[in-house]
Amino acid sequence: MKTTISPSILNCNIAHLREELEKIADADVAHVDVMDNHFVPNLSWGLPVAEAVVKQGILPVDAHLMIEDPDRWAPGYAEIGCHSVTFHAEAAAAPLRLARELHRLGAKAGLALRPATDIAPFVDILSEFDMILVMTVEPGFGGQEFIESMMGKVRRTREAINAAGLEVSVQVDGGVSRKTIEMAAEAGADNFVAGSAIFRAENAYEEIAALRQLAQQHVH
């Protein structure tokens, strides 16, 4: 599978949005973390910032919605032109219906799982999604330590996708760095969200290239 590097702009200087996006222009996707201070104990960007990133036209936008009631709010992110919209399994009342609505609006649909949420209840509807996000930290804050025990879930998710003959991406988000990306790729991930590792690096371009190279050696 193709290796996708998705820098999270959570750690960028939002006052200089265009310059920050230009730093990561050789990545595949800009990952925009949306937090509502309800589903997670933090408040970040919302629809206006996601739309501003889309309008820059530098990278496709992957909106990760860590919010309550995504059934109501997620379609708005597809409507403003986000390439993909990922919502949390724990927050969605009707995940299958929401995925179909996102597809109808022209966006890819992702399903995110917190560390304690199993993939098993969603195996029968994997075909409705373009991506499964296995959180490798508790969602809410950047800069957290990678949870190695999530590699079993990544592996089970990849095995279920392969067994069904599907082409669904497996994304990991949280603590992804040069130290952890190979482990995640080996377990079956192909899409890697990195925030601190990229935006705190001396050279974001070089960091993206290094992460991509390390991951490609192990992506199945």
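Read-outs throughout are calculated quantities, based only on the coordinates presented, and are distinct from any laboratory measurement. Please read these numbers as outputs of a predicted model, since none were measured by experiment. Cβ atoms come from the backbone with ideal geometry, glycine included; neighbour counts cover every protein chain shown.
Exposure proxy for C12, C82: other Cβ atoms within 10 Å of each Cβ, ordered fewest to most, give C12, C82. For segment 60-74, 3J(HN,Hα) computed residue by residue from phi via the Karplus equation (6.51, -1.76, 1.60; θ = phi - 60°) reads x, 10, 10, 8, 9, 8, 9, 9, 6, 6, x, 4, 7, 9, 4 Hz, glycine and proline entered as x.
As a length-normalised measure over Cα pairs under 8 Å and 6 or more apart, the relative contact order of segment 1-119 settles at 19 percent.
By the count of neighbouring beta-carbon atoms within 10 Å, fewest first, L96, L65 end up ordered L96, L65. For the chain, the C-alpha radius of gyration sits at 0.92 times the compact-globule guess of 2.2 N^0.38 Å, with N the residue count.
For the residues S149, S44, S127, a GNM of the chain with alpha-carbon springs under 10 Å puts the largest fluctuation on S149. Panel order for D118, D33, by other beta carbons found within 10 Å of each beta carbon, from fewest to most: D118, D33. Against the empirical 2.2 N^0.38 Å (N residues), segment 69-154 has a Cα radius of gyration ratio of 1.10. Could you pull out which residues in segment 125-150 have an amide N less than 20 Å from a spot 7 Å beyond the Cα of A116, following the Cα-Cβ vector? The answer is 133-142, 144-150.
Rounded to the nearest Hz, the phi-derived 3J(HN,Hα) couplings of segment 2-13 under the Karplus curve 6.51 cos²θ - 1.76 cosθ + 1.60 (θ = phi - 60°) are 5, 7, 10, 9, 10, x, 7, 7, 4, 9, 8, 8, where x marks glycine and proline. Taking the Cα centre of each part, how many Å lie between segment 1-65 and segment 133-207? With segment 1-65 and segment 133-207 each reduced to a Cα centre, they are spaced 16 Å.
Determine, from the Cβ-Cβ distance of E90 and L47 and an R0 of 35 Å, the FRET efficiency 1/(1 + (r/R0)^6), rounded to the nearest 0.05.
Values: r = 21 Å, r/R0 = 0.61.
That pair, E90 with L47, gives E of 0.95.
The phi-based Karplus calculation (6.51 cos²θ - 1.76 cosθ + 1.60; θ = phi - 60°) puts the 3J(HN,Hα) values of segment 204-216 at 4, 4, 5, 5, 4, 4, 5, 4, 4, 5, 4, 5, 4 Hz, whole numbers, x for Gly and Pro.
For the options A91, A52, A194, a Gaussian network treatment of the chain with springs between C-alpha atoms closer than 10 Å singles out A52 as fluctuating the most.
For an R0 of 22 angstrom, estimate the FRET efficiency from the Cβ-Cβ distance between R155 and M1 and round to the nearest 0.05. Don't skip to the answer; put the middle values down first.
Values: r = 15 Å, r/R0 = 0.66.
Efficiency, rounded to the nearest 0.05: 0.90.
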